[in-house]
Every structure is written in structure tokens, then in C-alpha cells.
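*Asks:* Just passing along the structure, written as C-alpha cells.
The values are calculated or read from the model by the stated rules, or taken from the named source; none is laboratory data. Small disclaimer: the values here were computed from a predicted structure and weren't measured. With ideal geometry, Cβ positions are generated from the backbone for all residues, glycine too; neighbour counts draw on all protein chains shown. Ligands, DNA and RNA are excluded from the accessible area calculation, which covers all protein heavy atoms including side chains. Shrake-Rupley method; radii C 1.70, N 1.55, O 1.52, S 1.80 Å.
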Amino acid sequence: MVQHSTPKFGFLIDMDGVLYRGTDLINGADRFVRELRDRDIPFRFLTNNSQRTRRDVVARLVRLGLDVEEEHVFTSAMATARFLAQQKPGGTAFVIGEGGLLTALHQHGYAIVDHDPDYVVVGEGRTFNLELVEVAVRMILGGAKLIATNMDPNCPTQNGLRPGCGALVALLETATGVKAFSVGKPSPVMMRAARKELGLTTDQTTMVGDTMETDILGGVQLGFHTVLVLSGGTKHEDLPRYTYSPETVVPSLAELTDLLDANDWQPPWRQARMRVPARV
Ligand SMILES: [Mg+2]
């Protein structure tokens, strides 16, 4: 029997602005994911949002109509917990954040404490208040290390932008004079961990995202192949502002699927170059 050899390549896929905007699935996202699964192409959804657990994220994606499982999700909360467990196994953390981050830290052997923690860990959430900030500031000045799940300045919501983890971290940094260590995209800590989850090499990995400062910068720094989709926060006319560029630019996952279809789903980097639309 002739075995079809599965091409060795895979995708790291950002979620917000790539798969969905608010509660709306973006055109072509479901077809792209279905094709990946049908063809046994490894992929992980990569999100800097540390608010939700893996299971919460899957529930949301399934509700949007995507056929995915927990193993397909990799959040900055998971990357942060894994990183801290490597740095200091069995440590303690004071957390400004929500379920996704607390669960990940517990799963990696961390105790959540209110006094004298090894780390102050900051994620997304809406439970943030000035009392927590005061406590965190004193802990950091007392020697606790400041960890950010990510430095995204803001997050898109249906009602417009809300302050992101990076904005909250900036408050702590300014108050203490201590710089945070950030784990989420574009940090190589999260990008490399995600690539290892795929079980692929750098050259076999393609990062797909809508944000230049995180998805594309991280991909470029790690040496991954990069695809920018214009279905999220970045417009075509923004690109000249950046010192780095994505290898490929497409309006959305729908057109990326078409491009890959036209090339029999061979790794995109084997093409001469995927076409950048002149104007989108
Ligand atoms: Mg995004």
C-alpha cells in the first residue's frame, strides 16, 4: 500500500483578529481549520490572553463553529506557568489575573499566596483594583520578581478597546522602577515553547497572525515563516512603518486556504513566494 507522506510543516495561529472578531467568526477560519485537521497538519492556537483556561478557549471556539480540542490551544498563561515551573519549581506567586492563569500555575505546582511570594504575576482580567496594585508594589519592592503574561497595551472587544495586560504592568513598573519579564508573544519563551508543542523545527513552522508587534515580530525573531492576515488590527498601509515584514500578506484565512489549496498544501515556503496582494 502506498503511504502518502505527510509534509512536515505546521502552523502557529493567533486567535483574535485571525479566527474571530468579537463574537463573529472570520471568513474562511472554519475551512482553514478543517483542512488542517483533514490533512493531519499540526497546529496550535496561540493567544496572549491569559484570562481563560484551555477548556474555556475550546468551548468558545466550538461555539463559533470550529472543530478543535484542548491540545490545540496554547495560552500565555500556560507558557508563563511552564516557564516559572522551570525557573523555580514549586514556587509561590501573587497573581493579578483570572482563572486561566490561576489554573495554569496550580497545574504546574505553584501555590498562590498573599504574602512574600517568589513572583508577582500579572495577566488579563477585570478584577484589577488599586488595592491589589498597592500590595503588588510592596511585594516587588520587597524582592518579588515581576512577571507579565504579555505586554499587549490593549485588547479589542465588541465595545472598543480595553486596557491590556501591558498597561497594567506599566503601572507596576513605573511605581517600582522594576522592569517586568514578559513571557507572551513576541517573547521567545512562548514562541519556542509553542513550536516545540508542534514537534517541528524552526524552518517547518509558520506563524499566522494579525499583529505586527507580537505575531510577526516573534515569528521573525525566531526564524519562523510568517503570514500576516489583514482581518484584524493591521492594515496594508501600516506595513512601511515597520523595520521587519512578514513573508506573506493575505486578507484573511480564506485567501491563505486558497493559496495553500492552489499549491496542494505544500509548505508555503517552497513556493517562489506567496503573492502579496497589491491592495487590500
Ligand atoms: Mg490577534
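*Asks:* Check each of the chymotrypsin sites (Phe, Trp or Tyr not before Pro) in region 111-184 and keep only those in coil by DSSP with at most 11 other C-beta atoms within 10 angstrom; list them in order.
*Replies:* none
*Asks:* If the convex hull of the alpha-carbon atoms of region 9-165 is projected onto planes in all directions, what is the mean projected area in square nanometres? Could you put the intermediate results ahead of the total?
*Replies:* Working: hull surface 39.5 nm².
It is 9.9 nm².
*Asks:* Solvent-accessible area per residue for region 78-182 at a 1.4 Å probe radius, Å²?
*Replies:* Details: 5210 Å² over 105 residues.
Spelled out: the 1.4 Å probe surface of region 78-182, per residue, equals 50 Å².
*Asks:* Then there's this: Based on DSSP, what percent of beta bridges with both residues in the chain are antiparallel, to the nearest 5?
*Replies:* On the way: 6 of 37 bridges.
Bridges in the chain that DSSP calls antiparallel: roughly 15 percent.
*Asks:* Once you have all Cα-Cα distances for region 57-110, histogram them in 5 Å bins from zero and send the whole-percent values.
*Replies:* Percent of pairs per bin, in order: 4, 20, 25, 19, 14, 10, 6, 2.
*Asks:* Most mobile of Ala104, Ala81, Ala254 per a Gaussian network model of the chain (Cα springs, under 10 Å)?
*Replies:* Of the options given, Ala254 has the highest mean-square fluctuation.
*Asks:* How large is the dipole of region 78-182 about the Cα centre if only Lys and Arg carry +1 and Asp and Glu carry -1, each at its Cβ, rounded to the nearest 20 debye? Can you show the working numbers first?
*Replies:* Numbers: 7 positive and 9 negative charges, 47 e Å.
Value, rounded to 20: 220 debye.
*Asks:* Ok, one more. Taking the 0 to 90 degree range and rounding to the nearest ten, how far is the long axis of helix 29-38 tilted relative to the main principal axis of the chain, both from C-alpha atoms?
*Replies:* The helix 29-38 is inclined about 70 degrees to the chain.
*Asks:* Still on this structure: Relative to the longest principal Cα axis of the chain, at what angle does helix 54-63 sit, 0 to 90 degrees, rounded to 10?
*Replies:* In the chain, helix 54-63 runs at an angle near 40 degrees to the longest axis.
*Asks:* If you stretched the chain out fully between Gln266 and Arg63, how much longer would it get, using 0.36 nm times the residue separation minus the C-alpha to C-alpha distance? Mind dumping the intermediate values first?
*Replies:* On the way: separation 203, 0.36 × 203 = 73.08 nm, distance 3.02 nm.
Contour length minus the Cα-Cα distance gives 70.1 nm.
*Asks:* Give me the Debye-computed log₁₀ of I(q)/I(0) at q = 0.10, 0.12, 0.13, 0.16 Å⁻¹ for the chain, equal point scatterers on Cα only, no solvent, two decimals.
*Replies:* One equal scatterer on each Cα of the chain leads to -0.52, -0.74, -0.86, -1.22.
*Asks:* A further question on this structure: When 1/r is averaged over all different Cα pairs and the result inverted, which Kirkwood radius in Å belongs to region 78-182?
*Replies:* Working: mean 1/r = 0.0733 Å⁻¹.
Taking the inverse mean of 1/r over all distinct Cα pairs, region 78-182 comes out at 13.7 Å.
*Asks:* Next question, about the same structure. In region 123-206, what trypsin sites (Lys or Arg not before Pro) fall in a loop by DSSP, with at most 16 other Cβ atoms inside 10 Å?
*Replies:* On the way: sites: Arg126, Arg138, Lys145, Lys179, Arg192, Arg195, Lys196; in loops: Arg126, Lys179.
Answer in residue order: Arg126, Lys179.
*Asks:* Sorting Asp258, Asp118, Asp14 by accessible area (1.4 Å probe), largest first, what list results?
*Replies:* Numbers: Asp258 80, Asp118 45, Asp14 10 Å².
Per-residue accessible area, sorted high to low, gives Asp258, Asp118, Asp14.
*Asks:* In addition: With an 8 Å Cα cut-off and a minimum separation of 6 or more residues, compute the relative contact order for the chain in percent.
*Replies:* Numbers: 549 pairs, mean separation 53.6, N = 280.
Worked out over the chain, it gives 19 percent.
*Asks:* When we measure straight from the Cα of Lys145, which lysines land under 29 angstrom away, once same-chain ones fewer than 8 places off are left out?
*Replies:* Partners found: Lys88, Lys179, Lys185, Lys196.
*Asks:* Considering the options Ala193, Val169, Ser76, tell which one lies farthest towards the positive end of the dipole of the chain, charges being +1 on Lys and Arg and -1 on Asp and Glu at the Cβ, about the Cα centre.
*Replies:* Ala193
*Asks:* Find, among the trypsin sites (Lys or Arg not before Pro) in region 1-70, those assigned to loop by DSSP (not H, G, I, E, B) with at most 15 other beta-carbon atoms within 10 angstrom. Walk me through the intermediate numbers first.
*Replies:* Values: sites: Lys8, Arg21, Arg31, Arg34, Arg37, Arg39, Arg44, Arg52, Arg54, Arg55, Arg60, Arg63; in loops: Lys8, Arg39, Arg52.
When the trypsin sites (Lys or Arg not before Pro) of region 1-70 are filtered for loop state and at most 15 Cβ neighbours within 10 Å, Lys8, Arg39 remain.
*Asks:* Separate question: Return the calculated 222 nm mean residue ellipticity for the chain, to the nearest 500 deg cm²/dmol, obtained by summing -39500 (n - 2.57) across DSSP H runs with n ≥ 4 and dividing by the residue count.
*Replies:* Computed ellipticity for the chain at 222 nm equals -9500 deg cm²/dmol.
*Asks:* Percent of accessible area on the chain owned by carbon and sulfur, 1.4 Å probe?
*Replies:* Values: 6440 of 13270 Å².
Of all accessible area on the chain, carbon and sulfur atoms account for 48 percent.
*Asks:* Moving on to the next point. If one takes the longest principal axis of the Cα atoms in the chain, at what angle in degrees, from 0 to 90 and to the nearest 10, does the Cα axis of helix 165-176 lie?
*Replies:* So the helix axis and the longest Cα principal axis differ by about 30 degrees.
*Asks:* Under 10 Å, Cα contacts only: if you run a Gaussian network model on the chain, which one of Leu25, Leu239, Leu253 comes out with the highest mean-square fluctuation?
*Replies:* Result: Leu239 has the largest fluctuation of those listed.
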